[in-house]
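The values are calculated or read from the model by the stated rules, or taken from the named source; none is laboratory data. In this text the structure is predicted, and so the values were computed from the model without any measurement. Backbone-built Cβ (ideal geometry, glycine too); neighbour counts: all protein chains shown. Accessible surface areas use protein heavy atoms only, side chains included; no ligands, DNA or RNA. Shrake-Rupley method; radii C 1.70, N 1.55, O 1.52, S 1.80 Å.
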Amino acid sequence: DPRSHHVIFMNKNNVQAAAAGNYDQQSASQNVVSLPPQSQSQSQLSVQHRFLTFLQSVNMQQHAEKFRENEYFDMQSIQFFDDDLLKNEIGIERVFPRKRFLKQCSEMMKDMEAFKNLDSISDFWKRQLQRYGVVTLQILCEEIN
């Protein structure tokens with residue numbers, strides 16, 4: 001079915017092979033399972049869960065609902081955060097919490113960029129992982145442990 005979605009099941013051996021550069025797209029096809037179209041929401045839930053985990057890690061979980069209401073509820077959104085957005089759309093009134101949060105977002109963006117530039121994981125795998133909110137090497141390690 002062309003409308004079905006594919007999920008790649010990763011296990012520790014797959015990830016270690018990918019990190020070592022020994023896991024290619026042909027090998028990946030052995031670990032693909034087609035799921036019906038309604039399963040797409042599972043990847044969206046994973047992305048939202050990953051963003052909520054990030055908010056919790058930087059002690060900003062109390063603002064989760066405002067981020068969700070304003071449709072900034074995935075890791076890719078952090079590149080658009082600025083002082084004005086945090087104050088006016090999210091409602092973070094105090095200056096220091098906004099500055100601290102923006103610094104933490106900047107650090108996360110650096111980690112995301114480093115993950116994108118890893119040569120040991122193919123672009124194919126990076127795209128697949130990103131669909132589930134896995135956008136840094138640290139997140140990948142957390143997911144497989």
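Pairing residues of region 107-120 that are within 18 Å of Phe80 (Cα to Cα) with residues that are outside any helix (DSSP H, G or I) and polar (S, T, N, Q), at Cβ distances under 7 Å and at least 6 apart in sequence or on separate chains, gives Asp111/Thr136; Met112/Thr136. Can you confirm whether Asn88 is over 14 Å from Thr136 (Cβ atoms), in contact with a Pro (Cβ under 9 Å, 6 or more places away or on another chain) and open to solvent by 40 Å² or more (accessible area, probe 1.4 Å)? Criteria not met by Asn88. Given the condition of a type in the set (A, V, I, L, M, F, W, C), at pLDDT below 95, surrounded by 19 or more Cβ atoms within 10 Å (Cβ to Cβ) and outside any helix (DSSP H, G or I), answer yes or no: does some residue in region 134-142 qualify? Among the residues of region 134-142, at least one is of a type in the set (A, V, I, L, M, F, W, C), at pLDDT below 95, surrounded by 19 or more Cβ atoms within 10 Å (Cβ to Cβ) and outside any helix (DSSP H, G or I), which makes the answer yes. Among residues of region 61-75 being in a helix (DSSP H, G or I) and open to solvent by less than 40 Å² (accessible area, probe 1.4 Å), the one that is farthest from Val47 (Cα to Cα) is His63. Considering Arg131, Arg100, the condition of being open to solvent by 50 Å² or more (accessible area, probe 1.4 Å) and touching a helix residue (DSSP H, G or I) at 6+ places or on another chain (Cβ under 6 Å) is satisfied by Arg131 alone. Among the residues of this structure, Leu118 does not count as one that is touching a Lys or Arg at 6+ places or on another chain (Cβ under 8 Å), assigned to a helix (DSSP H, G or I) and surrounded by 14 or more Cβ atoms within 10 Å (Cβ to Cβ). Can you tell me which residue within region 77-132, out of those that are β-branched (Val, Ile, Thr) and within 24 Å of Met60 (Cβ to Cβ), is farthest from the chain's Cα centre (by Cα)? Within region 77-132, the match that is farthest from the chain's Cα centre (by Cα) is Val95.
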